[in-house]
Amino acid sequence: MSKIAIVTGASSGLGEEFIKNLGNEDIDEIWAIARRRERLEALANISSVPVRPVPMDLTDKENISRLSEMLSDEKPEIHILINAAGFGKIGLTEDIGRDSLDKMIDLNCRAAVDVTLLCIPYMPKGSRILEICSTAAFQPFQFLNVYAASKAFLYRFSRALYIELRPKKISVTAVCPYWIRDTEFIPTARSGRNNTAIRHFPLSSKKKSVARIALNDSRLRLPVSTPGIMCTLHRIAAKFIPSCLMCLIWSGLRRI
């Protein structure tokens with residue numbers, strides 16, 4: 001029985017960076033899931049572990065069924081699951097449009113839950129789940145409204161699942177990074193109307209450090225990983241400052 005890791009959103013950005021770092025894990029193969037086949041095939045050049053490209057769009061429920069069938073046929077041992085698929089949009093909620101908002105909720109929430117539930121039956125004692133949330137999960141964010149709400153959903157889901165899976169000795173880590181400057185997230189989020197609602201992204205993180213810290217935190221079985229100073233400070237502040245005041249603070253910061 002092969003020991004595998006599954007990474008969604010693997011074709012670029014943080015997902016791709018996780019692929020690079022999984023060579024230190026005791027696994028035989030990585031199943032890399034994303035829409036772009038050619039990008040997935042190129043991952044073999046950066047990974048010391050064999051990579052199986054699994055091209056699929058997780059917002060399509062037929063692909064969730066196809067993944068279920070693959071797992072049922074091969075019955076692998078899933079030692080690590082990293083749900084890194086997701087996207088956001090910046091702007092007024094009414095301007096972003098229902099289609100984009102629906103896809104955001106579908107990918108960031110429903111697909112993450114579906115993939116997690118499919119994988120759990122194949123995860124042995126000691127295996128790990130990393131749900132890639134965001135520091136946006138800690139408070140409401142105007143002009144990043146639905147994205148922040150979707151990550152709050154995933155954060156709460158992860159925190160509760162951590163407790164539910166403790167008897168199985170499976171750990172769940174909610175990874176909550178700050179802005180990451182060297183991925184496609186910011187350009188994608190800013191594509192559309194009101195794309196200057198957030199003008200700058202000061203003190204942004206880099207994907208290399210985020211992936212490294214997140215994996216280390218998951219090895220320590222931490223329920224939450226804040227991989228950087230800014231997201232750690234944000235997590236602490238959100239515990240003590242009311243949401244309405246945090247939104248006022250954000251109103252000023254986003255114009256800097």
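From the list SER100, SER150, exactly one residue is part of a helix (DSSP H, G or I), more than 24 Å from LEU220 (Cβ to Cβ) and touching a Lys or Arg at 6+ places or on another chain (Cβ under 6 Å). Which is it?
Numbers: SER150 fails: touching a Lys or Arg at 6+ places or on another chain (Cβ under 6 Å).
After applying the criteria, what remains is SER100.
Just name the residue that is nearest to the chain's Cα centre (by Cα) out of those in segment 14-33 that are open to solvent by less than 10 Å² (accessible area, probe 1.4 Å) and of a type in the set (Gly, Ala, Ser). Lay out the reasoning, then the answer.
First, the residues of segment 14-33 that are open to solvent by less than 10 Å² (accessible area, probe 1.4 Å): 15, 18-19, 22, 30-33.
Within this subset, residues satisfying the condition of being of a type in the set (Gly, Ala, Ser) are 15, 32.
Numbers: GLY15: 8, ALA32: 14 Å.
By that ranking, first place goes to GLY15.
Among the residues that make up segment 63-70, is at least one of them of a type outside the set (Phe, Trp, Tyr), within 19 Å of the chain's Cα centre (by Cα) and open to solvent by 10 Å² or more (accessible area, probe 1.4 Å)? Steps first, answer last, please.
First, the residues of segment 63-70 that are of a type outside the set (Phe, Trp, Tyr): 63-70.
Restricting the remaining residues to those that are within 19 Å of the chain's Cα centre (by Cα) gives 63-64, 67.
Checking which are open to solvent by 10 Å² or more (accessible area, probe 1.4 Å) leaves us with 63-64.
Scanning segment 63-70, I find at least one residue that is of a type outside the set (Phe, Trp, Tyr), within 19 Å of the chain's Cα centre (by Cα) and open to solvent by 10 Å² or more (accessible area, probe 1.4 Å), so the answer is yes.
Which pairs have Cβ atoms under 6 Å, sit 6 or more apart or on different chains, and link a residue in segment 211-233 that is within 21 Å of GLU25 (Cα to Cα) to one that is in a helix (DSSP H, G or I) and hydrophobic (A, V, I, L, M, F, W, C)?
What qualifies is ALA211/PHE18; SER225/ALA214; PRO227/VAL210; PRO227/ILE213; PRO227/ALA214.
With the checklist (1) touching a Pro at 6+ places or on another chain (Cβ under 8 Å); (2) modelled with pLDDT of 95 or more; (3) not polar (S, T, N, Q) in hand, flag the one item VAL51 doesn't pass.
(1)
Kindly list the number of the only condition in (1) surrounded by 21 or more Cβ atoms within 10 Å (Cβ to Cβ); (2) more than 16 Å from the chain's Cα centre (by Cα) that fails for ARG166.
Only one criterion is unmet by ARG166, namely (1).
Considering segment 12-40 alone, what residues qualify as being within 16 Å of HIS79 (Cα to Cα) and in a helix (DSSP H, G or I)?
Scanning segment 12-40 gives PHE18, ILE19, ASN21, LEU22, GLY23, ASN24.
Across segment 71-88, what is the number of residues that are farther than 19 Å from SER127 by Cβ, open to solvent by 30 Å² or more (accessible area, probe 1.4 Å) and either in contact with a Gly (Cβ under 7 Å, 6 or more places away or on another chain) or part of a strand (DSSP E or B) (or both)?
Our first condition is that a residue be farther than 19 Å from SER127 by Cβ; within segment 71-88, this holds for 73, 85-88.
Now drop any that are not open to solvent by 30 Å² or more (accessible area, probe 1.4 Å), which leaves 73, 86-87.
Remaining after also requiring either in contact with a Gly (Cβ under 7 Å, 6 or more places away or on another chain) or part of a strand (DSSP E or B) (or both): 86.
Result for segment 71-88: 1.
If we keep just the residues of segment 39-53 that are of a type in the set (A, V, I, L, M, F, W, C) and out of contact with any helix residue (DSSP H, G or I) (no Cβ under 7 Å at 6 or more places or on another chain), which is least open to solvent (accessible area, probe 1.4 Å)? Outline the logic, then answer.
Step one: of segment 39-53, the residues of a type in the set (A, V, I, L, M, F, W, C) are 40, 42-44, 46, 49, 51.
The next check asks that each one be out of contact with any helix residue (DSSP H, G or I) (no Cβ under 7 Å at 6 or more places or on another chain); those that pass are 40, 42, 44.
On the way: LEU40: 1, ALA42: 46, ALA44: 60 Å².
Applying the filter and picking the extreme gives LEU40.
I'm checking my understanding of the structure. Among residues of segment 47-61 that are in a loop (DSSP other than H, G, I, E, B) and in contact with a Lys or Arg (Cβ under 8 Å, 6 or more places away or on another chain), which one is farthest from THR8 (Cα to Cα)? Let's see the steps before the verdict.
The first filter runs over segment 47-61 and keeps only residues in a loop (DSSP other than H, G, I, E, B), leaving 47-50, 56-60.
In the following step, the residues that additionally are in contact with a Lys or Arg (Cβ under 8 Å, 6 or more places away or on another chain) were identified as 47, 56-57, 59.
Values: SER47: 15, MET56: 10, ASP57: 10, THR59: 12 Å.
Applying the filter and picking the extreme gives SER47.
So which pairs qualify, if the first residue must be in segment 159-174 and over 13 Å from SER225 (Cα atoms), the second must be among the basic types (Lys, Arg), the Cβ gap must be under 7 Å, and the two must be at least 6 apart or on different chains?
Listed by first residue and then by second, the contacts come to LYS168/LYS125; LYS169/LYS125.
Quickly run through segment 142-163 and pick out the residues that are among the basic types (Lys, Arg) and buried (at least 23 other Cβ atoms within 10 Å of the Cβ). Steps first, answer last, please.
Keep residues of segment 142-163 that are among the basic types (Lys, Arg), which gives 151, 156, 159.
The answer is LYS151, and nothing else.
Can you pull out every residue in segment 219-256 that is outside any helix (DSSP H, G or I), modelled with pLDDT under 95 and open to solvent by 60 Å² or more (accessible area, probe 1.4 Å)?
If the condition is that a residue be outside any helix (DSSP H, G or I), modelled with pLDDT under 95 and open to solvent by 60 Å² or more (accessible area, probe 1.4 Å), then PRO242, ARG255, ILE256 are the ones that fit.
Sort out which residues of segment 89-117 are under 29 Å from LEU71 (Cα atoms), in contact with a helix residue (DSSP H, G or I) (Cβ under 6 Å, 6 or more places away or on another chain) and not acidic (Asp, Glu), and write them in order of number. Walk me through how you get there before you give the answer.
Of all residues in segment 89-117, those under 29 Å from LEU71 (Cα atoms) come to 102-117.
Narrowing the set further to residues that are in contact with a helix residue (DSSP H, G or I) (Cβ under 6 Å, 6 or more places away or on another chain) leaves 104-105, 108-109, 112, 114.
Across segment 89-117, the qualifying residues are MET104, ILE105, ASN108, CYS109, ALA112.
The values are calculated or read from the model by the stated rules, or taken from the named source; none is laboratory data. Just so it is clear, the structure is predicted and the values come from calculations on it, not from any experiment. When we count neighbours, we look across all protein chains shown, and the Cβ atoms used for this are built from the backbone with ideal geometry, even at glycine. All accessible areas refer to the heavy atoms of the entire protein, side chains included, with ligands and DNA or RNA removed. Shrake-Rupley method; radii C 1.70, N 1.55, O 1.52, S 1.80 Å.
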